[in-house]
Amino acid sequence: MQDLTQKPDVKTQGGAVLKLDGITKSFPGVKALDGVELELHAGEVTALIGENGAGKSTVVKTLTGIYQPDGGSILLNGAPVRFATPQDAADAGVTAIHQETVLFDELSVAENVFIGHAPKNKFGLIDKKAMFDRTTEILNSIGAKIDAHVKLKDLGIASRHLVAISRALSVEAQVVIMDEPTAALSQTEIEELYELVDTLKAQGKAILFISHKFDEIFRIADRYTVFRDGQYVGAGLMKDVKEADLVQMMVGRAVEQLFPKREAEIGEEVLTVAGYSHPTEFEDINFTLRKGEILGFYGLVGAGRSEFMQSLIGITRPSKGAVNINGDVRVIRSPAEAIDAGIVYVPEDRGKQGAILDMPIFQNVTLPSLKKTSRDGFIQLANEFALAREYTERLDLRAASLDTNVGALSGGNQQKVVIAKWLATKPRVIILDEPTKGIDIGSKAAVHDFMSELASEGLSVIMVSSEIPEILGMSDRVIVMREGRMVAELEGDDMKPETLVRHAVGINSTGDAA
Amino acid sequence: MSALKSREAILFGAIFALVALIATRFPGFVAPGNLVAVFTDTTPLMILAMGQMVVILTRCIDLSVAANLALTGMVCAMINVAAPDLPVAVILVIALVMGSALGAINGILVWKLNIPPIVVTLGTMTIFRGVIFLLTEGKWINAHEMSPTFTGFPRAEFLGMPVLGWIGVVIAIVMMVVMARTTLGRAVYAVGGNPHAAVYTGIDVGKTQFKAFVISGMLAGLTGYLWVARYSVAYVDIAGGFELDVVAACVIGGVSIAGGAGTVVGTLLGALFLGVVKNALPVVDVSPFWQLAISGAAIIIAVAFNAKSGRSKGRVILKSAEHAQ
């Protein structure tokens with residue numbers, strides 16, 4: 001315990017309190033971090049910038065002991081350290097306020113702040129008085145007017161956030177990591193957070209600030225580091241850089257054409273969406289979709305794309321707006337009505353939201369088409385098998401028998417069952433949400449090829465994707481969403497990586513923050 | 001080889017072995033007449049268990065079945081006292097409709113108010129019993145007050161088996177068809193197997209659960225009349241605690257308490273197993289406490305079996321293992 005009481009010397013020569021050198025981390029099929037570098041300085045804010053999937057969250061998890069790097073070293077005050085557990089990282093003074101903070105509703109503020117490391121008295125029991133006093137002290141130090149005895153469930157979102165920050169500060173922190181801290185906050189709360197960051201800077205803490213929003217990065221950061229596809233791209237001082245340069249670094253070179261996009265004949269209008277709005281998630285979405293077209297939806301995570309798609313198929317109800325499909329104006333109030341109208345949605349989480357593992361293949365495939373395979377509520381087994389066989393063969397699904405439970409199939413084959421299920425409804429519009437997320441390169445090409453084939457057969461495809469190469473390689477047209485609104489509709493030569501990112505993060509074309 | 005199919009075979013084997021064992025000590029037990037009697041005696045449990053199975057498959061539970069049985073049975077008995085000439089067919093319709101209505105109350109609360117099913121049915125279980133007390137002020141309706149046709153119907157013999165047993169057979173056949181061959185049956189398995197996926201395929205999860213409660217209630221109401229008529233007595237506490245036997249029959253029969261897995265045949269065998277234990281052990285002088293212990297052990301063994309067969313397989317990383325499963 002002695003080494004913990006030793007005060008960290010923040011004025012080590014070289015300036016960096018924490019330094020990552022050549023950190024590598026791989027997961028099956030993907031290299032999440034490839035020799036990245038990062039330096040954090042005492043009393044300064046370093047912004048970590050990168051697209052979705054650039055490796056930012058992986059770095060946070062490596063720094064806080066949740067992941068162990070495969071290679072490279074972490075230097076704390078010049079000495080190499082290894083964080084085997086989150087507790088190790090906390091003991092060393094590295095603490096994080098995570099994107100989704102896990103707090104406990106039924107516990108008091110103080111209990112939340114000190115959960116896992118509550119002060120003990122000489123009997124080994126929790127020293128309540130010390131815990132409440134320390135909590136009040138921390139709350140005061142960040143200027144939060146919250147009673148440490150109140151239960152968490154009685155606090156609003158902003159106060160909860162302050163509790164989460166207090167929890168991060170309850171360990172003797174020298175490095176504070178903030179992962180998208182403003183995502184859930186309103187404008188005034190964001191201002192208060194900025195003041196808090198200034199307070200922490202004044203206390204000499206090294207801060208790693210992760211954000212998608214360029215305006216706040218320029219407002220608050222002293223330094224930046226850019227990652228792209230798990231690789232270190234560059235770093236420097238904020239005062240020496242322009243937004244356009246950062247965007248350039250984020251997206252990198254021109255996108256290589258490795259997408260088997262076939263030219264499909266684009267026909268008449270199939271779907272028109274007009275003025276689609278939702279009270280809290282998105283507003284005023286307008287577009288048309290033509291036969292044989294692939295329409296890409298790009299945006300940062302949380303831009304409201306999936307929420308809009310779920311509303312389009314009737315899982316949530318829009319507050320305003322109408323859908324015109326093949327000339328019929330329809331109000332879609334449930335997924336069953338969407339299927340009737342010919343719109344189907346293949347969700348992002350195909351494991352959880354896709355297949356029913358305890359059911360045989362043929363029953364999974366025909367589940368949304370039961371109306372067609374049954375008469376008066378009685379299922380006609382012959383029809384059912386015929387339909388299931390047709391679509392599993394089309395997708396080249398190899399299984400011993402259609403009676404096999406889906407749970408016994410491999411992941412790739414389960415995906416095929418899910419796709420077969422939706423194609424068997426003979427849709428006019430198919431919405432694919434992150435169709436290649438979490439699958440390896442080879443399977444990705446197969447999915448893209450298949451998508452092209454669907455379009456060339458006259459199906460209209462909406463593809464939600466956060467991967468720029470995929471969006472640009474596959475789409476005929478791209479809609480960019482930011483904070484629940486459509487901010488751009490791009491076609492032809494306007495579809496450039498820089499343009500997409502500009503619109504997604506909210507910079508207008510002159511390069512100033514929006 | 002499906003775990004459920006083999007489960008049914010194991011259960012059938014266990015029942016057969018139990019009956020054979022008893023036959024060595026007491027040969028009279030396996031006389032055809034006695035086996036029919038055991039089957040008939042177990043019929044109420046089988047009917048209720050089939051309703052409960054549908055509810056459990058949708059990830060719910062119905063603790064109010066025995067109270068529904070008692071309330072509907074009491075109402076049927078009171079109607080019979082008031083109008084002794086009402087034909088049995090009308091009484092049967094009343095029992096089915098009233099049972100469905102009580103089930104619908106559970107279903108609506110679960111569907112529209114999103115209250116956890118265990119809470120809803122725990123509440124209605126108490127309420128239904130309370131209503132019986134309000135209706136009768138705790139008085140019994142005894143055999144001499146009921147009309148002979150009312151009490152005679154379930155006991156009337158047809159082809160060597162009482163009507164009660166035949167009703168069980170008919171319901172079993174209907175339920176097998178409903179579960180295997182109708183869109184409702186398919187929706188029930190889908191909702192329990194993966195509610196998120198079911199929503200996306202256009203199945204209304206809440207509505208499906210509502211229908212499951214109506215089925216369970218309908219069967220409980222029907223059993224209510226049959227029970228009261230067979231025992232020729234109706235009072236507040238009939239079938240007290242029977243809901244636990246019903247859930248036990250489902251669990252022993254391989255119905256997964258997590259929903260989505262279970263069959264009509266399994267459920268029937270689960271109920272029969274309990275019925276044989278209850279009827280046979282007294283004959284061979286085993287104390288009633290041992291019966292409870294055996295039933296309890298059967299439940300735990302069944303759940304352990306379910307947990308084992310339900311454990312999800314890990315991800316297949318080796319390419320070579322992919323087709324070997």
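Taking the criterion of being touching a residue at least 60 places away in the same chain (Cβ under 8 Å), among the hydrophobic types (A, V, I, L, M, F, W, C), surrounded by fewer than 18 Cβ atoms within 10 Å (Cβ to Cβ) and over 25 Å from residue B:278 (Cβ atoms), would at least one residue in segment B:102-115 satisfy it?
yes
Tell me whether segment B:211-231 contains one or more residues that are more than 20 Å from the chain's Cα centre (by Cα) and open to solvent by 20 Å² or more (accessible area, probe 1.4 Å).
Looking only at segment B:211-231, we keep the residues that are more than 20 Å from the chain's Cα centre (by Cα), and these are none.
No, the conditions are met nowhere in segment B:211-231.
Go through (1) open to solvent by 50 Å² or more (accessible area, probe 1.4 Å); (2) more than 7 Å from every other protein chain (Cβ to nearest Cβ) for residue A:378 and report which single condition fails.
Status for residue A:378: all satisfied but (2).
Give the residues of segment B:255-298 that are among the aliphatic types (A, V, I, L, M), modelled with pLDDT under 85 and surrounded by fewer than 19 Cβ atoms within 10 Å (Cβ to Cβ), sorted by residue number.
B:281, B:283, B:284, B:286, B:292, B:294
Against the definition (buried (at least 16 other Cβ atoms within 10 Å of the Cβ), more than 28 Å from residue A:31 (Cα to Cα) and over 25 Å from the mean Cα position of the chain (by Cα)), how does residue A:461 come out, yes or no? Walk me through how you get there before you give the answer.
On the way: buried (at least 16 other Cβ atoms within 10 Å of the Cβ): yes; more than 28 Å from residue A:31 (Cα to Cα): yes; over 25 Å from the mean Cα position of the chain (by Cα): no.
No; evaluated as a whole, the condition is false for this residue.
Could you list all residues from segment A:403-430 that are under 14 Å from residue A:391 (Cβ atoms) and part of a loop (DSSP other than H, G, I, E, B)?
A:424, A:425, A:426, A:427
Residues being part of a helix (DSSP H, G or I) and either touching a Pro at 6+ places or on another chain (Cβ under 9 Å) or within 14 Å of chain A (Cβ to nearest Cβ) (or both): count how many of those fall in segment B:216-240. So that I can check it myself, show each step before the final result.
Of the residues in segment B:216-240, the ones part of a helix (DSSP H, G or I) are B:216-231.
Within this subset, residues satisfying the condition of being either touching a Pro at 6+ places or on another chain (Cβ under 9 Å) or within 14 Å of chain A (Cβ to nearest Cβ) (or both) are B:223, B:225-227, B:229-230.
Going through segment B:216-240 one residue at a time, the tally reaches 6.
Take segment B:116-155 and flag every residue that is open to solvent by 70 Å² or more (accessible area, probe 1.4 Å), modelled with pLDDT under 95 and polar (S, T, N, Q).
B:149
One residue is enough: does segment A:117-136 have a residue meeting the conditions of a type in the set (Phe, Trp, Tyr), over 23 Å from residue A:202 (Cβ atoms) and assigned to a loop (DSSP other than H, G, I, E, B)? If you could, list the steps in order and put the result at the bottom.
Step one: list which residues in segment A:117-136 are of a type in the set (Phe, Trp, Tyr), which gives A:123, A:132.
Then keep just the ones that are over 23 Å from residue A:202 (Cβ atoms); that gives A:123, A:132.
Subset that is assigned to a loop (DSSP other than H, G, I, E, B): A:123.
Among the residues of segment A:117-136, at least one is of a type in the set (Phe, Trp, Tyr), over 23 Å from residue A:202 (Cβ atoms) and assigned to a loop (DSSP other than H, G, I, E, B), which makes the answer yes.
To keep it simple, each residue is scored yes or no on (1) touching a Ser or Thr at 6+ places or on another chain (Cβ under 6 Å); (2) aliphatic (A, V, I, L, M); (3) assigned by TED's automatic domain parsing to the domain that holds residue A:208; (4) within 27 Å of residue A:239 (Cα to Cα).
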{"site": "A:24", "(1), (2), (3), (4)": "no, no, yes, no"}
{"site": "A:28", "(1), (2), (3), (4)": "no, no, yes, no"}
{"site": "A:31", "(1), (2), (3), (4)": "no, no, yes, no"}
{"site": "A:37", "(1), (2), (3), (4)": "no, no, yes, yes"}
{"site": "A:54", "(1), (2), (3), (4)": "no, yes, yes, yes"}
{"site": "A:61", "(1), (2), (3), (4)": "no, no, yes, no"}
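Yes or no, residue by residue, for (1) under 23 Å from residue B:234 (Cβ atoms); (2) more than 14 Å from chain A (Cβ to nearest Cβ); (3) of a type in the set (Gly, Ala, Ser):
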residue	(1), (2), (3)
B:148	yes, yes, no
B:161	no, yes, no
B:165	yes, yes, yes
B:174	no, no, no
B:192	no, no, yes
B:205	no, no, no
B:212	no, yes, yes
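Is there a residue in segment A:382-395 that is acidic (Asp, Glu) and open to solvent by less than 50 Å² (accessible area, probe 1.4 Å)? Explain how you work it out, then say what you get.
In the first step, residues of segment A:382-395 are kept if they are acidic (Asp, Glu); the result is A:384, A:390, A:393.
Then drop every residue that is not open to solvent by less than 50 Å² (accessible area, probe 1.4 Å), which leaves A:384.
Yes - at least one qualifying residue is present in segment A:382-395.
With respect to residue A:486, is the statement that it is more than 14 Å from chain B (Cβ to nearest Cβ) and assigned to a strand (DSSP E or B) true? Full working, then the answer.
Values: more than 14 Å from chain B (Cβ to nearest Cβ): yes; assigned to a strand (DSSP E or B): yes.
Judged against the criteria, residue A:486 is a match.
Out of (1) acidic (Asp, Glu); (2) more than 14 Å from chain B (Cβ to nearest Cβ); (3) without any contact (Cβ under 8 Å) to a residue 60 or more places away in the chain, what's the single condition that is false for residue A:403?
(2)
May I ask you to list the residues in segment A:421-437 that are closer than 15 Å to residue A:353 by Cα and either open to solvent by 40 Å² or more (accessible area, probe 1.4 Å) or at pLDDT 85 or above (or both)? Steps first, please.
Looking only at segment A:421-437, we keep the residues that are closer than 15 Å to residue A:353 by Cα, and these are A:421-422, A:431-435, A:437.
A:421, A:422, A:431, A:432, A:433, A:434, A:437, listed by residue number.
Could you please find all residues in segment A:32-55 being within 17 Å of residue A:75 (Cβ to Cβ) and in a strand (DSSP E or B)?
Across segment A:32-55, the qualifying residues are A:33, A:35, A:36, A:37, A:38, A:39, A:40, A:41, A:46.
Which condition number in (1) within 14 Å of chain A (Cβ to nearest Cβ); (2) touching a residue at least 60 places away in the same chain (Cβ under 8 Å) is the one that residue B:198 fails?
The one condition residue B:198 does not meet is (2).
Considering only segment A:352-375, state which residues are open to solvent by 10 Å² or more (accessible area, probe 1.4 Å), modelled with pLDDT under 90 and not basic (Lys, Arg).
A:353, A:357, A:358, A:370, A:374
May I ask you to list the residues in segment A:389-400 that are within 13 Å of another protein chain (Cβ to nearest Cβ) and over 34 Å from the mean Cα position of the chain (by Cα)?
Scanning segment A:389-400 gives a single hit, A:400.
Which ones in segment A:299-315 are open to solvent by less than 10 Å² (accessible area, probe 1.4 Å), away from chain B (no Cβ under 14 Å) and in contact with a helix residue (DSSP H, G or I) (Cβ under 8 Å, 6 or more places away or on another chain)? Don't jump to the end; show me each part of the working.
Narrowing segment A:299-315 to residues open to solvent by less than 10 Å² (accessible area, probe 1.4 Å): A:299, A:303-304, A:308-309, A:311-314.
Keeping just the survivors that are away from chain B (no Cβ under 14 Å) gives A:299, A:303-304, A:308.
Across segment A:299-315, the qualifying residues are A:299, A:303.
I need the full set of residues from segment A:316-348 which are closer than 19 Å to residue A:461 by Cα, open to solvent by 40 Å² or more (accessible area, probe 1.4 Å) and under 26 Å from the mean Cα position of the chain (by Cα), in order please.
Passing the criteria: only A:348.
At least 2 residues that are more than 15 Å from residue A:414 (Cβ to Cβ) and of a type in the set (A, V, I, L, M) in each: list the strands (runs of 3 or more DSSP E) lying fully within segment A:293-368 that qualify.
Because the criterion is at least 2 residues that are more than 15 Å from residue A:414 (Cβ to Cβ) and of a type in the set (A, V, I, L, M), the strands (runs of 3 or more DSSP E) in segment A:293-368 that meet it are A:294-298, A:320-325, A:343-346.
Starting from segment A:363-383, keep only residues that are in the same structural domain as residue A:414 (by TED's automatic domain parsing) and hydrophobic (A, V, I, L, M, F, W, C), then list their pairs with residues that are open to solvent by less than 30 Å² (accessible area, probe 1.4 Å) and not in a helix (DSSP H, G or I) whose Cβ atoms are within a distance under 6 Å, requiring at least 6 positions of separation or different chains.
These pairs meet every condition: A:365/A:424; A:367/B:201; A:378/B:182.
Is it fair to say residue A:241 is without any contact (Cβ under 8 Å) to a residue 40 or more places away in the chain and surrounded by fewer than 20 Cβ atoms within 10 Å (Cβ to Cβ)?
Working: without any contact (Cβ under 8 Å) to a residue 40 or more places away in the chain: yes; surrounded by fewer than 20 Cβ atoms within 10 Å (Cβ to Cβ): yes.
When the stated conditions are applied, residue A:241 passes them.
Against the definition (over 27 Å from residue A:371 (Cα atoms), assigned by TED's automatic domain parsing to the domain that holds residue A:474 and in a helix (DSSP H, G or I)), how does residue A:437 come out, yes or no? Can you show your working first?
Values: over 27 Å from residue A:371 (Cα atoms): yes; assigned by TED's automatic domain parsing to the domain that holds residue A:474: yes; in a helix (DSSP H, G or I): no.
Criteria not met by residue A:437.
The values are calculated or read from the model by the stated rules, or taken from the named source; none is laboratory data. What you see is a predicted model; the values in this text were computed from it and never measured. Cβ: placed from backbone, ideal geometry, glycine included. Neighbour counts: every protein chain shown. Areas reflect the complete protein model, heavy atoms only, side chains present, ligands, DNA and RNA absent. Shrake-Rupley method; radii C 1.70, N 1.55, O 1.52, S 1.80 Å.
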